[in-house]
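Enquirer: What follows is a structure written as structure tokens; I'll ask about it next.
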Amino acid sequence: MPGFEVLGAEERKEIEEVLNKGVLFRYEFGEQRGEQWKVRQFETALAEYTGAGHALAVASGTAALKVALAALGLGPGDEVICPGFTFVATWEAIFDVGAEPVFAEVDDTLCLDPNRLEDKITDRTKAIVVVHMCGGMADIEAVAGVAEKHGLILIEDTAQALGGRINGRHLGTWGACGCLSFDAVKTITCGEGGGIITNDAELWRTMSEFHDHGHDHRPVGRGNEGRRFIGLNYRMNELQGALGLAQLGKLDDMIARMRAHKARLTEALAKVPGVTFRRYPDPAGDTATFVSWFHATAEEADRFNAALSEASCGAISWYHNTWHYYRRWEHLHGAKTCRASGWPFVREDGRRLSFPPDALPASDAVMSRLLSWQIMVNMTDERLAELEAAIDKAAQAL
Ligand SMILES: *Cc1c(COP(=O)(O)O)cnc(C)c1O
């Protein structure tokens, strides 16, 4: 997820324009800024690029999730389903609005298994957060079908998959909204930053007002007509907006280059006995930030990866990684929190939420056989050749 690889003259020029005017705040100061609005321009560009009607830039991807969940009315008493394979931010945001995350199984798409979703629905379920992991896509049509059947709100965590499409339609445009991240390691980066895309003008307005202390956001003006509700500050600043504009202009080119690298590695991996690949509902719409493959058994995956590591080409084993998979979130299993009351694990009515590490056996069976390499934009021919050689060598260790 390599926006940082292509930082250059375009970003420098955008940043300089902001510094030259001297206004870092995204609102107001029209005269001083000479009507230069980088964050607003970035929002317009995001909406245009994705085909969503509206976009809101915010301070981070985590903030995007929080603002979306809050604006959609989710809170205490509500259950929100999310996958056990995601970045921790997805469920941190669910806890933060006061709702309860309910973890569901993933399948060979590495995203929510639509066939096992209904097991997790109760009379308190209000929403599903589907996460498009590792640059690819969930079976979003099927997940959206389950949400619709049960009258649940659908939110897409598209933090890792901006630019991904299914039959040309952008990820993040199926649900009520799609949440984006522009943190330092995402496909486009503002250093830190996030965004929310939506086709719902009224939701956009609520999110926009909530992320700015509840100030009213009429199409023109701000803070003139009185607040509809309390909010917080999750605003993006002009320097971030400037970076985002330059980076968004490079996105399709980055994706094209990663696709070429990925195709080469996929071809080499396909020759390894027992290797199969992550399933993509639309392979042509993958953003190619990762190549992800399965071995026949967990033991084979570990053995293959040990051989890759010996050749300085170790892959990511998400199953053993502590950041992205349920099985290794010890703070969640242990109900660890700063709050003296035990919140959010101890609820106001005294109930205790528990998240045992072995709660997702179907996901364990998928994740323990999975290995991934991150694809970089600037992968050299030498590096690709090195990875291909490591594949051949590791295949002999099987
Ligand atoms: C990065 C990420 C986030 C959070 O974004 P930040 O900008 O780092 O706060 C949320 N969800 C997923 C799936 C992510 O990868």
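Here, each number is a calculation from the coordinates, and none is a lab measurement. Here the structure is a predicted model, which means the values were calculated and not measured. No Cβ is skipped: glycine too gets one built from the backbone with ideal geometry, and neighbour counts run over all protein chains shown.
Enquirer: For His213, work out the one condition from (1) more than 16 Å from the ligand (Cβ to nearest atom); (2) closer than 20 Å to Gly244 by Cα; (3) not charged (D, E, K, R) it doesn't fulfil.
Expert: The failed condition is (2).
Enquirer: What tally of residues in the stretch 333-384 results from selecting those that are of a type in the set (A, V, I, L, M, F, W, C), free of Cβ contacts under 8 Å to residues at least 60 places away in the same chain and either buried (at least 19 other Cβ atoms within 10 Å of the Cβ) or more than 30 Å from Arg278 (Cβ to Cβ) (or both)?
Expert: Residues flagged as of a type in the set (A, V, I, L, M, F, W, C), free of Cβ contacts under 8 Å to residues at least 60 places away in the same chain and either buried (at least 19 other Cβ atoms within 10 Å of the Cβ) or more than 30 Å from Arg278 (Cβ to Cβ) (or both) within the stretch 333-384 amount to 6.
Enquirer: Just the residues that are in a loop (DSSP other than H, G, I, E, B) and either of a type in the set (Gly, Ala, Ser) or closer than 15 Å to His324 by Cβ (or both), please, taken from the stretch 336-377.
Expert: Step one: filter the stretch 336-377 for residues in a loop (DSSP other than H, G, I, E, B), giving 336-345, 347-351, 353-360, 368-369, 375-377.
Matches in the stretch 336-377: Ala340, Ser341, Gly342, Gly350, Ser354, Pro357, Ala359, Leu360, Ser368.
Enquirer: Show the residue pairs that are 6+ apart or on different chains and have beta-carbon atoms under 6 Å apart, the first residue being within the stretch 186-206 and without any contact (Cβ under 8 Å) to a residue 12 or more places away in the chain, the second being near the ligand (Cβ under 10 Å from one of its atoms).
Expert: Short answer, once both residue conditions are applied: none.
Enquirer: Would you confirm, using the coordinates I've provided, whether Arg352 is of a type in the set (Lys, Arg), over 25 Å from Gly3 (Cα atoms) and away from the ligand (no atom under 16 Å from the Cβ)? Please lay out each step first, then the result.
Expert: Working: of a type in the set (Lys, Arg): yes; over 25 Å from Gly3 (Cα atoms): yes; away from the ligand (no atom under 16 Å from the Cβ): yes.
For Arg352, the condition - of a type in the set (Lys, Arg), over 25 Å from Gly3 (Cα atoms) and away from the ligand (no atom under 16 Å from the Cβ) - is met.
Enquirer: Here's a follow-up. Is it the case that Thr44 is of a type in the set (Val, Ile, Thr) and closer than 21 Å to Val185 by Cα?
Expert: Answer is no for this residue.
Enquirer: Kindly evaluate Val143 against the criterion of being within 11 Å of the ligand (Cβ to nearest atom) and more than 19 Å from Arg26 (Cβ to Cβ).
Expert: No.
Enquirer: If you scan the stretch 211-259, which residues turn out to be among the aliphatic types (A, V, I, L, M) and in contact (Cβ under 8 Å) with a residue 60 or more places away in the chain?
Expert: Hits for the stretch 211-259 are Met236, Leu239, Ala242, Leu243, Leu245, Ala246, Leu248, Leu251, Met254, Ile255, Met258.
Residue-wise test of (1) within 16 Å of the ligand (Cβ to nearest atom); (2) assigned to a helix (DSSP H, G or I); (3) closer than 21 Å to Asp108 by Cβ.
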position: Arg259; (1), (2), (3): no, yes, yes
position: Thr287; (1), (2), (3): yes, no, yes
position: Val291; (1), (2), (3): no, no, yes
position: His320; (1), (2), (3): no, no, yes
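Enquirer: Next question, about the same structure. In the stretch 267-281, which residues are buried (at least 17 other Cβ atoms within 10 Å of the Cβ) and under 14 Å from Ala395 (Cα atoms)?
Expert: Here is the first cut: in the stretch 267-281, the residues buried (at least 17 other Cβ atoms within 10 Å of the Cβ) are 268-269, 272, 275, 278, 280-281.
The answer is Ala268, Leu269, Val272, Val275.
Enquirer: If you scan the stretch 154-188, which residues turn out to be of a type in the set (D, E, K, R) and more than 14 Å from the ligand (Cβ to nearest atom)? Outline the logic, then answer.
Expert: So the first thing to find is which residues in the stretch 154-188 are of a type in the set (D, E, K, R), and the list is 156-157, 165, 169, 183, 186.
Answer for the stretch 154-188, where residues must be of a type in the set (D, E, K, R) and more than 14 Å from the ligand (Cβ to nearest atom): Arg165, Arg169.
Enquirer: Taking the options Ala201, Ala144, name whichever one is within 19 Å of the chain's Cα centre (by Cα) and surrounded by fewer than 21 Cβ atoms within 10 Å (Cβ to Cβ).
Expert: That would be Ala144, the only listed residue that is within 19 Å of the chain's Cα centre (by Cα) and surrounded by fewer than 21 Cβ atoms within 10 Å (Cβ to Cβ).
Enquirer: Residue pairs, Cβ under 7 Å, 6 or more apart or interchain, first in the stretch 85-113 and within 14 Å of the ligand (Cβ to nearest atom), second in a helix (DSSP H, G or I) and among the polar types (S, T, N, Q). List them.
Expert: Phe85/Ser363; Ala89/Thr62; Glu92/Thr62; Ala93/Thr62; Val106/Ser363
Enquirer: Could you tell me whether the stretch 119-128 includes any residue that is part of a loop (DSSP other than H, G, I, E, B), in contact (Cβ under 8 Å) with a residue 24 or more places away in the chain and within 16 Å of the ligand (Cβ to nearest atom)? Before you say what the answer is, go through the steps one by one.
Expert: Within the stretch 119-128, the subset part of a loop (DSSP other than H, G, I, E, B) is 121-124.
Now narrow it down to the ones that are in contact (Cβ under 8 Å) with a residue 24 or more places away in the chain: 121-122, 124.
So of that shortlist, the ones also within 16 Å of the ligand (Cβ to nearest atom) come out as none.
There is no residue in the stretch 119-128 that is part of a loop (DSSP other than H, G, I, E, B), in contact (Cβ under 8 Å) with a residue 24 or more places away in the chain and within 16 Å of the ligand (Cβ to nearest atom).
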